[in-house]
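Participant: I'd like to ask some things about the structure below.
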Amino acid sequence: MWASPFALRAKLALSFKGLSYEYVEEDLKNKSELLLSSNPVHKKVPVLIHNGKPVCESQVIVQYIDEAFPDAGASAALLPADPYERAVARFWQLLAAVETLEGALKECSKGKPFFGGDAVGYVDVTLGAVIGFVRVGEALHGMRLFDASRSPLLDAWLDRFAALDAAKAVLPDTGRLAEYAKMKQAEWAAAATN
Ligand SMILES: N[C@@H](CCC(=O)N[C@@H](CS)C(=O)NCC(=O)O)C(=O)O
């Protein structure tokens, strides 16, 4: 679908990698058997078919291309080699997921406080793990990933989750994490000028 920003992600990744590919356009009002059988869960574009096997979800596709073709293209890898830097890059992808997560919270919680309903569940735990960095982003850059206007449910969820004893017991101290992030940034800056 030429106008799809999601499809564009896949095309951009292929393009930056200098890879040739067959581009098959979909009529989303009349989806092809190929699309339905390749992405039976979401029935959405883009789908990358490589060696006869489908890869779905634009961000998954971009990462797949990066990993499957590590040496392709003039530009460097899309994700950095260093695990910490990779984690940071993936963290920023979260921004794009906020809207989806807001919808998921509405759907999963059915009006209850957590993704898991009355109690914390799998998604709460998975997402709860990024709260530290969300707070660091706010402390250092004044950037609140979940804000009241863009994602009011998530915004309230974050404070609710972080206030739980079991969360408080293990969530890192924001000040300490912020110091760590600043130190890492300084290290990268120094490495870049060497
Ligand atoms: N989360 C998906 C979103 C893809 C998506 O929403 N694709 C739209 C086109 S922009 C689509 O295929 N819609 C068809 C439908 O919803 O039936 C991704 O990142 O790949």
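Rule-based calculations on the coordinates, nothing more; no lab input. What you see is a predicted model; the values in this text were computed from it and never measured. For neighbour counting, all protein chains shown are included, and Cβ atoms are generated from backbone atoms with ideal geometry for every residue, glycine included.
Participant: Regarding the stretch 16-30, can at least one residue be identified that is part of a helix (DSSP H, G or I), closer than 26 Å to Leu79 by Cβ and out of contact with any strand residue (DSSP E or B) (no Cβ under 7 Å at 6 or more places or on another chain)?
Facilitator: yes
Participant: Something else: Looking only at the stretch 35-62, count every residue that is in a strand (DSSP E or B) and either among the polar types (S, T, N, Q) or over 15 Å from Leu12 (Cβ atoms) (or both) and tell me the total.
Facilitator: Count: 7.
Participant: Mind listing whichever residues of the stretch 9-45 are within 10 Å of the ligand (Cβ to nearest atom), without any contact (Cβ under 8 Å) to a residue 24 or more places away in the chain and of a type outside the set (D, E, K, R)?
Facilitator: Leu35, Asn39, His42
Rundown of residues vs (1) among the aromatic types (Phe, Trp, Tyr); (2) under 24 Å from Asp155 (Cβ atoms); (3) in contact (Cβ under 8 Å) with a residue 40 or more places away in the chain, yes/no style:
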residue	(1), (2), (3)
Val55	no, no, no
Asp82	no, no, no
Lys112	no, yes, no
Tyr122	yes, yes, no
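Participant: Oh, and also: Restricting attention to the stretch 125-145, which residues are over 17 Å from Arg90 (Cβ atoms) and touching a helix residue (DSSP H, G or I) at 6+ places or on another chain (Cβ under 6 Å)?
Facilitator: Arg135, Ala139, Leu140, Arg144
Participant: What single numbered condition from (1) among the aliphatic types (A, V, I, L, M); (2) part of a loop (DSSP other than H, G, I, E, B); (3) within 12 Å of the ligand (Cβ to nearest atom) fails to hold for Leu78?
Facilitator: Of everything listed in (1) among the aliphatic types (A, V, I, L, M); (2) part of a loop (DSSP other than H, G, I, E, B); (3) within 12 Å of the ligand (Cβ to nearest atom), Leu78 misses just condition (3).
Participant: Here's a follow-up. In the stretch 145-187, what residues are more than 24 Å from Val125 (Cβ to Cβ) and either in contact with a strand residue (DSSP E or B) (Cβ under 8 Å, 6 or more places away or on another chain) or without any contact (Cβ under 8 Å) to a residue 40 or more places away in the chain (or both)?
Facilitator: Ser149, Glu179, Met183, Gln185, Ala186, Glu187
Participant: Here is a list of conditions, (1) farther than 19 Å from Tyr84 by Cα; (2) more than 19 Å from the chain's Cα centre (by Cα); (3) surrounded by 16 or more Cβ atoms within 10 Å (Cβ to Cβ), and Asp165 meets all of them except one; can you say which number that is?
Facilitator: (3)
Participant: Here's something else I'd like to know. Please go through (1) among the acidic types (Asp, Glu); (2) under 30 Å from Ser37 (Cβ atoms); (3) crowded, with 16+ Cβ neighbours inside 10 Å for Glu99 and return the number of the only condition it doesn't satisfy.
Facilitator: Status for Glu99: all satisfied but (3).
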